[in-house]
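Undergrad: Quick one: the structure is below, questions incoming.
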Amino acid sequence: MAWKVVIPQDITDIGKDYLRERGYEITVGSGSLDLEVLKREVADADGLLVRTAPYPAEVIAAAPRVKVISRHGVGVNNIDLAYCREHGIVVTFAPEANAGSVAEHTVGMMVAAAHNFARFDRGVREGEWEFRNQYKGRDLDGKTLGLIGVGRIGQKVAHIAAAFGMKVIGFDAFVPEDRFPAGIGFRPSADAVFAEADFISLHVPATPETANLVCQRTIGLMKSDAIIINCARGGVVNEDDLAEALKSGRIFGAALDVLEDEPPRPDHPLFSLPNVLLTPHSAALTAEAMDRMGLHAAMGIHSVLSGEKPKWPVKL
């Protein structure tokens with residue numbers, strides 16, 4: 001009997017073809033985020049290829065045969081890792097699939113926020129041509145980019161920023177000075193980065209330690225013309241504090257690809273502010289990255305179910 005792989009939220013063909021070519025039976029779910037629907041859809045799975053839906057213990061327990069859960073992407077905070085550890089379920093992810101795409105999106109948002117792209121676009125469409133004389137953009141050349149987190153994505157952002165003539169500094173709670181990446185100036189704390197940088201880009205996971213990392217206190221450390229970019233995880237930024245800082249002019253601007261609640265409520269405090277740029281958690285959703293994430297997640301499932309060591313295991 002063929003192993004059965006359930007994909008509750010559909011992926012591009014390349015990952016599904018990879019599994020079918022190796023004899024797996026594939027079932028694609030409805031895309032629902034409802035826990036009861038998920039429990040029904042995963043019931044007879046040997047492997048789960050998952051995206052953004054929640055996988056608490058009750059959902060995983062509804063799949064008594066499951067041996068591997070492979071994440072289509074990087075963040076695994078939607079999977080109950082403790083349950084997987086306790087029940088011998090291997091979890092894999094795709095850390096090499098989307099780093100370049102997210103880095104490009106990050107730098108694109110940085111440029112757009114600095115040069116007022118969103119504000120100017122609205123002005124042109126609304127006939128306010130003189131916006132160009134009312135609002136001045138800012139060059140990246142000669143400015144300091146501060147990275148909170150210097151993993152794969154942070155390092156790629158640093159490489160691109162260097163081409164703009166930016167100085168790059170950073171802090172990472174897990175990377176000591178003697179192992180800091182070349183080209184990124186080590187700083188001993190996040191506070192030091194907040195205080196020094198003209199642009200601050202976040203590249204950290206959602207953990208209790210990073211919750212509300214950007215808040216009234218840390219915003220108070222920033223330069224008055226600072227711009228903050230978050231293409232990491234919602235919840236790292238206290239959005240009420242950020243909205244107040246942007247509204248009062250305490251900092252110049254912000255660009256966010258992620259929010260604490262997604263999709264956000266219609267009356268979100270950031271929506272009415274002209275100095276914030278928002279995208280819908282789409283940094284990793286390029287055509288190329290979607291193919292790579294699907295393929296790498298499928299490779300993780302095949303490795304485990306064929307008795308091999310997965311290339312990208314999650315430490316449980």
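Read-outs throughout are calculated quantities, based only on the coordinates presented, and are distinct from any laboratory measurement. Computed from a predicted model, the values in this text were never measured in an experiment. Please note: Cβ atoms are built from the backbone with ideal geometry, for glycine as well, and neighbour counts cover all protein chains shown.
Undergrad: Using a Gaussian network model of the chain with C-alpha springs under 10 Å, which one of Val37, Val76, Val276 is most mobile by mean-square fluctuation?
TA: Of Val37, Val76, Val276, the Gaussian network model singles out Val37 as fluctuating most.
Undergrad: Straight-line reach from Lys67: which lysines fall under 19 Å, measuring Cα to Cα and dropping same-chain residues less than 8 apart?
TA: Output for Lys67: Lys4, Lys16, Lys39, Lys309, Lys311, Lys315.
Undergrad: How many percent of all Cα-Cα pairs in region 25-149 sit more than 18 Å apart?
TA: Working: 5082 of 7750 pairs.
Roughly 66 percent, once rounded to a whole number.
Undergrad: Quote the relative contact order of region 99-278 in percent (integer), defining contacts as alpha-carbon pairs under 8 Å separated by 6+ residues.
TA: On the way: 324 pairs, mean separation 37.7, N = 180.
Averaging sequence separation for qualifying contacts and normalising by length gives 21 percent for region 99-278.
Undergrad: Follow-up question, since we're still on this one. Before rounding to the nearest 500, sum -39500 (n - 2.57) across all DSSP H runs of length at least 4 in the chain and divide by the residue total; then give [θ] at 222 nm in deg cm²/dmol.
TA: Values: 12 runs with 108 residues, N = 316.
Taking each H run of at least 4 residues, the total per residue is -9500 deg cm²/dmol.
Undergrad: Based on alpha-carbon atoms only, what is the radius of gyration of the chain relative to the globular estimate 2.2 N^0.38 Å? Intermediate results must be reported in sequence, preceding the final value.
TA: Numbers: Rg = 21.2 Å, N = 316, 2.2 N^0.38 = 19.6 Å.
In units of the 2.2 N^0.38 Å rule of thumb, it is 1.08.
Undergrad: Right, next: So which GluC sites (Glu not before Pro) in region 150-232 end up in coil per DSSP with only 10 or fewer other C-beta atoms within 10 Å? Don't jump to the answer; show the numbers that get you there.
TA: Working: sites: Glu177, Glu196, Glu209; in loops: Glu209.
Loop-located and lightly packed - Glu209.
Undergrad: Lysines within cross-link reach of Lys143: Cα-Cα under 25 Å, excluding same-chain residues under 8 positions apart?
TA: Lys156, Lys167, Lys223, Lys247
Undergrad: Something else: Using a 7 Å offset from the Cα along the Cα-to-Cβ direction at both Ser30 and His87, what is the distance between the two label points in nm, to one decimal?
TA: According to this spin-label approximation, the distance is 2.1 nm.
Undergrad: Is there a quick way to get the dipole size of the chain? I mean about its Cα centre, with the Cβ of Lys and Arg at +1 and of Asp and Glu at -1; what is the value in debye to the nearest 20? It would help to have the intermediate numbers written out before the result.
TA: Details: 33 positive and 41 negative charges, 113 e Å.
Roughly 540 debye, rounded to the nearest 20.
Undergrad: Next up: Among Pro280, Pro56, Pro266, whose mean-square fluctuation peaks in a Gaussian network model of the chain (Cα, cutoff 10 Å)?
TA: Of Pro280, Pro56, Pro266, the Gaussian network model singles out Pro266 as fluctuating most.
Undergrad: Under the definition of Cα pairs under 8 Å and six or more residues apart, what whole-number percent is the relative contact order of the chain?
TA: About 20 percent, as a whole number.
Undergrad: Which residues does the label zone of Arg132 cover in region 78-115, counting backbone N under 19 Å from a point 7 Å along Cα→Cβ?
TA: It comes to 112-115, nothing else.
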